[in-house]
Amino acid sequence: MDKAWMSIEDRFMSNEYAIGVSHFMNMAKEHAQGGIDIRCPCRRCRNMLFQTITTVEEHLFIIGIDPSYKDWIFHGEEEVLDVNSSEEGDDASGNDSYIDDTDELLDDIQAGASMDQSGGSQIPAFDGVTLGGSSATFPELLEDARSPLCPSCLTFSKLSFIVKLLHIKTVGGWSVKSFNMVIKLLKSAFPDALLPDSYNDACRLERGLGFNYTKIDACLNDCVLFWKEHSDKEKCPKCNTPRWVLSSTKQKKIPHKVLRHFPLVPRLQRLFVSNKTAGAMRWHATERVNDYNVMRHPTDSKVWKDFGVQYPQFASDPRNVRIGLTSDGFNPFNNIAKPYSIWPVILVAYNLPPWLCMKDPYLMLLLLIPGPKAPGNDIDVYLRPLIEELKFLWEVGVNTYDAFALQSFRLHATLLWTINDFPAYANLSGWSTKGKMACPTLY
């Protein structure tokens, strides 16, 4: 369908614009399937508000359609992802016809890692995790990203296929045994394919991208973490409980509790080493429609605006990250008869547009607090690694490569909100929310 009418400025006098709006509305009505309200694609609503069909048509003439809305995926058009596209002039029989964006991802990560090594961001040792993963594995990763899965495959590289296969394993809940069985089946059916030998071999390549975490032993009674000044202790310095489970085997010590820590600093840096996400991280300042009487994004809230007035230096760079934190307990075994409460701590970057910031790929798991019982008010013991990172990001900041602007900048972050139910709110804030002396508000 011709979309040249979208760029016409004289909307009332142009017959071509009226015909284009008519075709668009007919397609939107068919897609609505009898519904009353549809998304309004005008310059002000930008598909974030639902309006009546009559109102949408009026907005298209009075306000005009959003010129960046090229693919009408909310009004009947199918979203087309061209994974087999190739540039003109490439030899169909040569390696130049193979196109995979995984090597571009590695180039962005390497650029950020090179800046970090040369620019001297001076990040403290948050469990030894760096942005680019192990530098010794990068040439291997780059070779795997540029090698097609099969000699005749134009869709997947070795690395991209492994990453997608691991993603399916996670979403589908495969066991390691079933994953290895699938690998063996694929290797038997496609002997020429560059497939990993096992699940451990596949994870070894993925860890080179920086998707790793650290394990921190914890006291059985939630007193302290065996971390930093307590890392070499064999017993809890407060309750004198042994760090290790008594075992007959002397080859490997088993801790009572283990905290999984996914460092925040490299995850925030990784948001800026991709050209697309780096542009989205400044959306709230460059593309947001500023209607003072309408709240469509946390940027429109009073807290966001007051914080910017109080800390103008932080607010002067729209790339500085405002974060929301949420945590709650759940039973990972889906069995009420077997009580177990594990607590994930998840962070949300509110710089992103509203259609991205609450999506799964941008929800950052930072801590996985073990059970079997809820930590209660002792949750602050487990939050210590995250709190130290947040203090460092607020006070010092970290040099970060911006792939959108092709430059480095000093990234800062602040925690603006927490999102919890009442019991978790009481544990995180330290205020009582029940009983005689309950005080559920902080004001």
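The values are calculated or read from the model by the stated rules, or taken from the named source; none is laboratory data. Given the structure is predicted, the values throughout are model-derived calculations rather than measurements. Glycine gets a Cβ as well: all are built from the backbone with ideal geometry, and neighbour counts include every protein chain shown.
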Any residue in segment 275-288 that is buried (at least 16 other Cβ atoms within 10 Å of the Cβ) sitting within a Cβ distance under 8 Å of a residue that is among the hydrophobic types (A, V, I, L, M, F, W, C) and part of a helix (DSSP H, G or I)? List the pairs, counting only those 6 or more apart or interchain. Ala280/Leu356
Reported set for segment 199-215 where residues are out of contact with any helix residue (DSSP H, G or I) (no Cβ under 7 Å at 6 or more places or on another chain) and at pLDDT 80 or above is Asn200, Asp201, Cys203, Tyr213, Thr214, Lys215
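Has segment 33-40 got at least one residue that is in contact with an Asp or Glu (Cβ under 8 Å, 6 or more places away or on another chain) and more than 19 Å from Glu78 (Cα to Cα)?
So in segment 33-40, the residues in contact with an Asp or Glu (Cβ under 8 Å, 6 or more places away or on another chain) come out as none.
No: zero hits.
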Options Pro237, Pro196, Pro191: the member that is in contact with a helix residue (DSSP H, G or I) (Cβ under 9 Å, 6 or more places away or on another chain), surrounded by fewer than 19 Cβ atoms within 10 Å (Cβ to Cβ) and outside any helix (DSSP H, G or I): Pro237
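Can you name every residue in segment 270-309 that is of a type in the set (Gly, Ala, Ser), part of a loop (DSSP other than H, G, I, E, B) and within 17 Å of Pro354 (Cα to Cα)? It would help to see each step written out before you state the result.
To start, the set of residues in segment 270-309 that are of a type in the set (Gly, Ala, Ser) comprises 274, 278-280, 285, 301, 308.
Going one step further and asking which of them are part of a loop (DSSP other than H, G, I, E, B), we end up with 274, 301.
Within segment 270-309, Ser301 is the sole residue that qualifies.
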Members of segment 144-176 that are more than 24 Å from the chain's Cα centre (by Cα), hydrophobic (A, V, I, L, M, F, W, C) and outside any loop (DSSP other than H, G, I, E, B): Val176
If you go through segment 385-443, how many residues are more than 22 Å from Leu259 (Cα to Cα) and assigned to a loop (DSSP other than H, G, I, E, B)? 21
Note on Asp291: of the conditions (1) in contact (Cβ under 8 Å) with a residue 12 or more places away in the chain; (2) in contact with a Lys or Arg (Cβ under 8 Å, 6 or more places away or on another chain); (3) under 22 Å from Asp421 (Cα atoms); (4) surrounded by fewer than 17 Cβ atoms within 10 Å (Cβ to Cβ), unmet is (3)
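For segment 143-152, which residues satisfy the criterion of being of a type outside the set (Asp, Glu) and touching a residue at least 24 places away in the same chain (Cβ under 8 Å)?
Across segment 143-152, the qualifying residues are Ala145, Arg146, Ser147, Pro148, Leu149, Cys150, Pro151.
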Would it be correct to say that Asn290 is more than 24 Å from Asn212 (Cβ to Cβ) and over 20 Å from the mean Cα position of the chain (by Cα)? yes
Filter result (closer than 20 Å to Thr170 by Cα and surrounded by fewer than 19 Cβ atoms within 10 Å (Cβ to Cβ)) within segment 336-367: Ile342, Pro344, Ile346, Met358, Lys359, Asp360, Pro361, Tyr362, Leu363, Met364, Leu365
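Table: residues versus (1) of a type in the set (A, V, I, L, M); (2) surrounded by fewer than 16 Cβ atoms within 10 Å (Cβ to Cβ); (3) in contact with a Leu (Cβ under 7 Å, 6 or more places away or on another chain).
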| site | (1), (2), (3) |
| --- | --- |
| Val396 | yes, yes, no |
| Ala405 | yes, yes, no |
| His412 | no, no, yes |
| Thr418 | no, yes, yes |
In segment 353-406, which residue that is at pLDDT below 90 and of a type in the set (Lys, Arg) is farthest from the chain's Cα centre (by Cα)? Lys373
Name the pairs whose Cβ atoms lie under 8 Å apart, with the first residue in segment 245-256 and over 17 Å from Phe226 (Cα atoms), the second modelled with pLDDT of 85 or more, and 6 or more positions between them or separate chains? Ser247/Ile254
Pairs only if they're at least six apart or on different chains, beta carbon under 7 angstrom, first in segment 182-204 and touching a residue at least 24 places away in the same chain (Cβ under 8 Å), second hydroxyl-bearing (Ser, Thr, Tyr) and part of a loop (DSSP other than H, G, I, E, B); list them, first residue then second. Leu194/Ser147
Flag if Ser327 is assigned by TED's automatic domain parsing to the domain that holds Val398, hydroxyl-bearing (Ser, Thr, Tyr) and buried (at least 16 other Cβ atoms within 10 Å of the Cβ): yes
Selection status of Thr241, at pLDDT 90 or above, of a type in the set (Ser, Thr, Tyr) and farther than 30 Å from Val396 by Cβ: yes
Go through segment 43-75 and give me each residue that's outside the structural domain of His23 (by TED's automatic domain parsing), over 17 Å from Ile8 (Cβ atoms) and surrounded by fewer than 18 Cβ atoms within 10 Å (Cβ to Cβ). Asp71, Ile73, Phe74
Would you call Ala405 in contact (Cβ under 8 Å) with a residue 24 or more places away in the chain, in the same structural domain as Phe272 (by TED's automatic domain parsing), under 28 Å from Trp227 (Cα atoms) and among the small types (Gly, Ala, Ser)? no
